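S.K.: If you scroll down you'll find the structure; I have some questions about it.
The values are calculated or read from the model by the stated rules, or taken from the named source; none is laboratory data. Everything numeric here is computed off the predicted structure, so don't read it as measured data. Here the Cβ positions follow ideal geometry from the backbone for every residue, glycine too, while neighbour counts run over all protein chains shown. Ligands, DNA and RNA are stripped out before the accessible areas are found, and what is left, the full protein with its side chains, is counted by its heavy atoms. Shrake-Rupley method; radii C 1.70, N 1.55, O 1.52, S 1.80 Å.
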Amino acid sequence: MTLELENLHKKFGEHTAVKGINLSVKEGQMFGMLGSNGAGKTTTFRMILGLLDPTSGSAAWNGARIDYSRTHLIGYLPEERGLYPKLTVKDQLIYLMKLNKMKKPDIIVELRKWLERFQIESYENKKVEELSKGNQQKIQFMAAVLHKPELLILDEPFSGLDPVNSDMLKKAVLDLQKQGTTIVFSSHQMRNVEELCDDLIMLKHGEALLQGNLKDIKRSYGMKSVKIKAD
Ligand code: ATP
């Protein structure tokens, strides 16, 4: 199973947000997408997820476009987040996971496992709006992973988190990769990509500025750390 992007383009009116991205992410790989504001990361993710039609080119998971019949195979943490503030954590996740074809007893087992892991066991029956932003982000992450997706797309998963919560989420992401999940995440920060990924793409104005294996890139640029500004 691979994620394949072929010459992917997206135009919004006269503005081209994504300009010919080619990418191949193998099963079980953790792939980083770097870029500053407006680089085209979210637009690329939305095309992968079938939420946005490419102007040209294609995005395929395991040889086929992702559509509504396959969304349960995918986990998505959107940058704009999207929880229902008035629902309890439990009702929120039961609702979302039923859409992902999970049965309620399985949802409860996974929900408690993750709440314990994130050290927020006592929040099961709290309304989402009562939680701190960091804890809401953990719930949003759970909404992306509870159904054990094959492919996990995380849009800026670590933004706005303090170092403790950020590390907690990074460990969770690494464990999911060890279990075989294919993961693509975006970030503004090279540090996050260096910590987690072997391979990366760096976007600027919708184009790949740099792409490939991190060690190879460092070697060819003679760097200890990649310090290339995307702007
Ligand atoms: P950020 O880090 O700020 O989220 P990004 O890399 O995710 O940035 P995108 O959100 O993909 O960038 O935006 C890429 C470009 O496409 C931007 O110039 C943005 O204004 C434009 N764009 C995105 N969505 C739309 C839309 N629905 N209609 C018009 N323009 C859009």
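S.K.: In the stretch 1-155, what is the volume of the convex hull around the alpha carbon atoms, normalised per residue and reported in Å³?
M.R.: Dividing the Cα hull volume of the stretch 1-155 by its residue count gives 126 Å³.
S.K.: Can you work out the Karplus-derived ³J(HN,Hα) for every residue in the stretch 107-124? Use 6.51 cos²θ - 1.76 cosθ + 1.60 with θ = phi - 60°, whole Hz, and x for glycine or proline.
M.R.: Here the 3J(HN,Hα) series is 4, 4, 4, 5, 4, 5, 4, 6, 4, 5, 4, 8, 6, 9, 3, 6, 9, 3 Hz.
S.K.: Rounded to a whole number, what % of the accessible area of the chain do carbon and sulfur atoms account for, probe 1.4 Å?
M.R.: Exposed carbon and sulfur together represent 49 percent of the surface.
S.K.: Please give the per residue accessible area of the stretch 167-207, computed with a probe of 1.4 Å over protein heavy atoms only, in Å². Mind showing how you got there, number by number?
M.R.: Working: 1730 Å² over 41 residues.
With the other protein chains kept in place, the stretch 167-207 gives 42 Å² per residue.
S.K.: Subtract the Cα-Cα distance of residue 194 and residue 6 from 0.36 nm times their separation in residues, and report this length gain in nm to one decimal.
M.R.: Extra length from residue 194 to residue 6 when fully extended: 65.2 nm.
S.K.: Given the options 219, 70, 81, which has the most mean-square fluctuation in a GNM of the chain, springs set between C-alpha atoms less than 10 angstrom apart?
M.R.: With Cα springs under 10 Å in the chain, the top fluctuation among 219, 70, 81 is at 219.
S.K.: Run the numbers for residue 109 and residue 174: contour at 0.36 nm per residue of separation, minus the present Cα-Cα distance, in nm. Before the final figure, lay out each step's value.
M.R.: Values: separation 65, 0.36 × 65 = 23.40 nm, distance 2.11 nm.
Length gained, residue 109 through residue 174: 21.3 nm.
S.K.: Past 31 Å, Cα to Cα: identify those pairs from 126/170; 26/86; 41/98; 101/171; 113/218; 41/178, in the order given.
M.R.: Exceeds cut-off: 26/86; 113/218.
S.K.: Between the stretch 140-189 and the stretch 194-212, how far is it from one alpha carbon centroid to the other, in angstrom?
M.R.: First find each Cα centre; the distance between them is then 17 Å.
S.K.: Going by average Cβ density within 10 Å per residue, which order do the peptides 144-153, 177-186, 104-113 take, highest to lowest?
M.R.: Output ranking for 144-153, 177-186, 104-113: 144-153, 177-186, 104-113.
S.K.: Follow-up question, since we're still on this one. Per-residue HN-Hα couplings for the stretch 33-49, Karplus 6.51 cos²θ - 1.76 cosθ + 1.60 at θ = phi - 60°, whole Hz, x for Gly and Pro?
M.R.: Per residue, the Karplus-derived 3J(HN,Hα) values read 10, 9, x, 7, 4, x, 6, x, 5, 5, 4, 5, 4, 5, 6, 4, 7 Hz.
S.K.: Taking only protein heavy atoms and a 1.4 Å probe, what accessible area per residue, in Å², does the stretch 101-146 have with all protein chains in place?
M.R.: 53
S.K.: Could you give the length gained by full extension between residue 216 and residue 55, i.e. 0.36 nm per residue of separation minus their alpha carbon distance, to one decimal place?
M.R.: Length gained between residue 216 and residue 55: 54.8 nm.
S.K.: Quick one: compute the contact order of the stretch 146-195, relative version, from alpha carbon pairs under 8 angstrom and 6+ residues apart, as a percent.
M.R.: Relative contact order of the stretch 146-195: 56 percent.
S.K.: Quick one: compute the contact order of the chain, relative version, from alpha carbon pairs under 8 angstrom and 6+ residues apart, as a percent.
M.R.: Reported as a whole number, the value is 28 percent.
S.K.: Rounded if a/c is under 1.5, else prolate if a/b beats b/c, else oblate: with a ≥ b ≥ c from the C-alpha gyration tensor eigenvalues square-rooted, which is the stretch 1-44? Display every interim value, and only then the final one.
M.R.: Numbers: a/c = 3.52, a/b = 1.72, b/c = 2.05.
Oblate.
S.K.: Using a/c under 1.5 as the rounded threshold, could you call the stretch 68-166 rounded, prolate or oblate? The axes a ≥ b ≥ c are square roots of the C-alpha gyration tensor eigenvalues, and prolate needs a/b larger than b/c, oblate otherwise.
M.R.: oblate
S.K.: Each residue of the stretch 51-64 in order: what ³J(HN,Hα) in whole Hz does its phi give by Karplus 6.51 cos²θ - 1.76 cosθ + 1.60, θ = phi - 60°, with x for Gly and Pro?
M.R.: Once θ is set to phi - 60°, the couplings for the stretch 51-64 become 7, 9, 7, x, 5, 7, x, 8, 10, 9, 10, 6, x, 9 Hz.
S.K.: Sequence gap at least 6, Cα distance under 8 Å: using those rules, report the relative contact order of the stretch 77-129 to the nearest whole percent.
M.R.: 52
S.K.: Let a ≥ b ≥ c be the square roots of the eigenvalues of the Cα gyration tensor of the stretch 158-226; is it rounded (a/c under 1.5), or, if not, prolate (a/b larger than b/c) or oblate?
M.R.: In terms of gyration-tensor shape, prolate.
S.K.: So, one more: Starting from the coordinates of the alpha-carbon atoms of the stretch 117-231, obtain the Kirkwood hydrodynamic radius over all distinct pairs and give the value in Å to one decimal.
M.R.: Evaluated on the stretch 117-231, it is 15.8 Å.
S.K.: Still on this structure, please answer the following. Which of 220, 23, 78 sits farthest toward the positive end of the charge dipole of the chain, with +1 on the Cβ of Lys and Arg and -1 on the Cβ of Asp and Glu?
M.R.: After comparing all options, I get 78.
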